[in-house]
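**Q** Handing you a structure now.
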């Protein structure tokens, strides 16, 4: 392997552990270093979309004449 291409293993930016029965799932997440949007920006977009979907699902009360 070319010595100039060797890199130290990168530590994950986030790690989540979920237990399902006797199994422990470990998920490691990495963020793009040169990304234009931050993780907070992306989460705000997800939350705004979720809020809009929930607002559309609410039943409306119609007044009877």
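**Q** Filter region 20-47 down to the residues that are more than 14 Å from the chain's Cα centre (by Cα), part of a loop (DSSP other than H, G, I, E, B), loosely packed, with under 10 Cβ neighbours inside 10 Å and on the phi < 0 side of the Ramachandran plot and list them by number.
**A** 22, 33, 34, 36
**Q** Here is a further query. Just checking, does region 9-19 include any residue being more than 19 Å from the chain's Cα centre (by Cα) and modelled with pLDDT under 95?
**A** Yes, the conditions are met somewhere in region 9-19.
The values are calculated or read from the model by the stated rules, or taken from the named source; none is laboratory data. Quick caveat, the model's predicted, so the values are computed rather than measured. Methodologically, a virtual Cβ is constructed for each residue, glycine included, from the backbone with ideal geometry; neighbour enumeration extends over all protein chains shown.
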